[in-house]
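Here is the structure we will look at, set down as structure tokens.
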Amino acid sequence: MQTQHKLTGHTRIVGVIGDPVEHSRSPQMHNAAFAKAGLDYVYVPFHVRPSDLAEAIAGFKAINVVGINVTLPHKQAVIGFLTSISREAELIGAVNTLSFTDGEIYGDNTDAPGVLRALEEDGNMSVPVGEDVVVLGAGGASRAVVVALALAGVASITIANRTVEKASSLAEEMARKTDVPMQGIGLTDSRLPDAIHQSVLLVNTATTSMDVNHPLLISADWLQQKTIVYDIVYTPPVTPLMHAANVRGCRTLGGIGMLVHQGAIAFEKWTGVAPCTETMRQAL
Ligand code: ATR
């Protein structure tokens, strides 16, 4: 049983801002990890409306908050209030972690390294440097995955999306900014089966994976055994795509690891200490 954290004059504050914020699982995950590490920190959810964002950030700075996670709808807007920003966050165009130090506010995006750490954590997988990969979806989560894979050194990325214009503009933008060859295509494009056939990694970022009754966006017949299928959706833990891939004999990975590691990387930035990721995973 977890004992109640005793707040003291030394307790340091971190937290998350969002609108809404009640659904966030980050408080339970981080507070469990602080307790495990014996750190006098508390992680608090803050409901901040878009019109209050500037005042909230200034307030955090004034009261010496150590760090803040940023969730919807503030991930882009918050960039206007920062002193500096990481390359990943700049490329993704979204910030999910703020660090307040010496009057400066630094913005980072830990989703990108979180994707890679989740892959590396599984002993049967690794980041496919020099290989071709496919990413399904072209929304906010896709941007983080594409940036992570491009900066890690994959050979090429095919982005496939229902709305083809979003896939092609994301591919064009990211190829230009990272020098990694990319193509953006529709889900019904005849090039998709071949691209999946040749890829060692297929990452799904489309939100349809949350709905167990939604038909798969691709045919499972296009998957080869060598292809790792990584679905960053974490509810359900085994998505229909992962299930179909398992049946084909592919190795699969769900989204909990990314959720844990994006949090663990933020924890480390704020405290200088690596958290127990198993504690974080259990808290979720
Ligand atoms: P997130 O931040 O989780 O990425 P998002 O930015 O809303 O969420 O992106 C959702 C992704 O799921 C998009 O790629 C979206 O495709 P569109 O760009 O065509 O909208 C994809 N998606 C959502 N519903 C879908 C559906 N019914 N069929 C196919 N793709 C879908």
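Under the condition of being open to solvent by 10 Å² or more (accessible area, probe 1.4 Å) and within 27 Å of residue 233 (Cα to Cα), the residues counted in the range 76-91 number 8.
All of (1) open to solvent by 10 Å² or more (accessible area, probe 1.4 Å); (2) within 18 Å of residue 260 (Cα to Cα); (3) of a type outside the set (D, E, K, R) hold for residue 64 with one exception: (2). The residue that is most open to solvent (accessible area, probe 1.4 Å), counting only those in the range 203-237 that are acidic (Asp, Glu) and either within 11 Å of the ligand (Cβ to nearest atom) or over 17 Å from residue 142 (Cα atoms) (or both), is 221.
Considering only the range 207-230, I want to know if a residue exists there that is in a loop (DSSP other than H, G, I, E, B), touching a residue at least 40 places away in the same chain (Cβ under 8 Å), out of contact with any His (no Cβ under 6 Å at 6 or more places or on another chain) and among the hydroxyl-bearing types (Ser, Thr, Tyr). Before the answer, list the steps.
Taking the range 207-230 and keeping what is in a loop (DSSP other than H, G, I, E, B), we get 211-219, 223-227.
Filter again for touching a residue at least 40 places away in the same chain (Cβ under 8 Å), leaving 217-218.
Applying the additional criterion that residues be out of contact with any His (no Cβ under 6 Å at 6 or more places or on another chain) yields 217-218.
Okay, now just the ones that are also among the hydroxyl-bearing types (Ser, Thr, Tyr), so none.
No - not one qualifying residue is present in the range 207-230.
Among the residues here, residue 251 does not qualify as farther than 28 Å from residue 121 by Cβ and surrounded by fewer than 18 Cβ atoms within 10 Å (Cβ to Cβ). For the range 254-275, which positions are surrounded by fewer than 16 Cβ atoms within 10 Å (Cβ to Cβ) and assigned to a loop (DSSP other than H, G, I, E, B)? Correct list: 272, 273, 274. Residue selection: residue 146 fails the criterion of being of a type in the set (A, V, I, L, M, F, W, C), modelled with pLDDT of 95 or more, surrounded by fewer than 22 Cβ atoms within 10 Å (Cβ to Cβ) and within 16 Å of the ligand (Cβ to nearest atom).
If only residues of the range 159-202 that are of a type in the set (Val, Ile, Thr) and buried (at least 16 other Cβ atoms within 10 Å of the Cβ) are counted, the one that is farthest from the ligand (Cβ to nearest atom) is 200.
The values are calculated or read from the model by the stated rules, or taken from the named source; none is laboratory data. Everything numeric here is computed off the predicted structure, so don't read it as measured data. Counting neighbours? That spans all protein chains shown, and the Cβs are built from the backbone with ideal geometry, glycine included. Protein only, heavy atoms only, side chains kept; ligands, DNA and RNA dropped before computing areas. Shrake-Rupley method; radii C 1.70, N 1.55, O 1.52, S 1.80 Å.
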